[in-house]
Every structure is written in structure tokens, then in C-alpha cells.
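Everything on this sheet refers to the single structure shown next.
The values are calculated or read from the model by the stated rules, or taken from the named source; none is laboratory data. None of these values were measured; they are calculated from a predicted model. FYI the Cβ positions are ideal-geometry reconstructions off the backbone, even for glycines, and counts take in every protein chain you see.
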Amino acid sequence: MNNHYIDGNDGRLGVLVQNSGSTVARTVTFRLARTVDGFAVAPRTESLAAGEEQLFGPFGPGDYGGRLLVDVDHAELTLVPIRI
């Protein structure tokens, strides 16, 4: 379920994430494209309760890059890019 991406991040990109599961919380991870002193920066990880829908963003291209990298821990999570 890893290595998803959304092209065209210009700082106005949001991602609507829905957990369609009925019993278990799921995790979505937004990976940062930048490094600090050559080291990877810890990604932004968010948890969604069963049945929850949440909007994340905007994602600054200086931190997240022009291609937003997204990982999900289960196929029950749906990702919808939204211009905000």
C-alpha cells in the first residue's frame, strides 16, 4: 500500500482521506521530500478512526516536493486530491 504519489503539489494541494473500514483505525503517512544535513526528515503520520474522513493539507512544496508522496497501511483508506 506504499509509494502512492500525487503530482502537481504547488502548495494548494489537500488530500481528503477516508477510512471505509468499520472496526479498525488506519494510518496515512505523508513523506517529506527534503533532508536536513543529509538526513531524511521524519514523515507526517496521521491516524483515522474507523469510518472517519479527514482533509489534510496544504502541503508546502519546499518540504513535501512537487510530487506528494503518500503511504497508507491498508486498502480501506481512499485518497482524493483536492485544490484548496
*Could you say whether any residue in segment 28-36 is at pLDDT below 95 and in contact with a Gly (Cβ under 6 Å, 6 or more places away or on another chain)?*
yes
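I need the full set of residues from segment 64-84 which are over 19 Å from Arg26 (Cα atoms) and buried (at least 18 other Cβ atoms within 10 Å of the Cβ), in order please.
Tyr64, Leu68
Go through segment 45-63 and give me each residue that's assigned to a strand (DSSP E or B), of a type in the set (A, V, I, L, M) and loosely packed, with under 14 Cβ neighbours inside 10 Å.
Leu55
Taking the stated definitions as given, is Leu79 outside any loop (DSSP other than H, G, I, E, B), in contact (Cβ under 8 Å) with a residue 60 or more places away in the chain and in contact with a strand residue (DSSP E or B) (Cβ under 7 Å, 6 or more places away or on another chain)? Write out each step before concluding.
Details: outside any loop (DSSP other than H, G, I, E, B): yes; in contact (Cβ under 8 Å) with a residue 60 or more places away in the chain: yes; in contact with a strand residue (DSSP E or B) (Cβ under 7 Å, 6 or more places away or on another chain): yes.
Criteria met by Leu79.
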*Taking segment 12-33, which residues are touching a strand residue (DSSP E or B) at 6+ places or on another chain (Cβ under 9 Å), over 17 Å from Ile84 (Cβ atoms) and not in a strand (DSSP E or B)?*
Ser20, Gly21, Ala25, Leu32, Ala33
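A quick yes/no check of all residues on (1) surrounded by 11 or more Cβ atoms within 10 Å (Cβ to Cβ); (2) touching a residue at least 24 places away in the same chain (Cβ under 8 Å); (3) basic (Lys, Arg); (4) touching a Lys or Arg at 6+ places or on another chain (Cβ under 6 Å):
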{"site": "Asn2", "(1), (2), (3), (4)": "no, yes, no, no"}
{"site": "Asp7", "(1), (2), (3), (4)": "no, yes, no, yes"}
{"site": "Arg12", "(1), (2), (3), (4)": "yes, yes, yes, yes"}
{"site": "Leu16", "(1), (2), (3), (4)": "yes, yes, no, no"}
{"site": "Val24", "(1), (2), (3), (4)": "yes, yes, no, no"}
{"site": "Thr27", "(1), (2), (3), (4)": "yes, yes, no, no"}
{"site": "Ala33", "(1), (2), (3), (4)": "yes, yes, no, no"}
{"site": "Val36", "(1), (2), (3), (4)": "no, no, no, no"}
*asked:* Filter segment 44-65 down to the residues that are touching an Asp or Glu at 6+ places or on another chain (Cβ under 8 Å) and either farther than 20 Å from Ile6 by Cβ or without any contact (Cβ under 8 Å) to a residue 40 or more places away in the chain (or both) and list them by number.
replied: Gln54
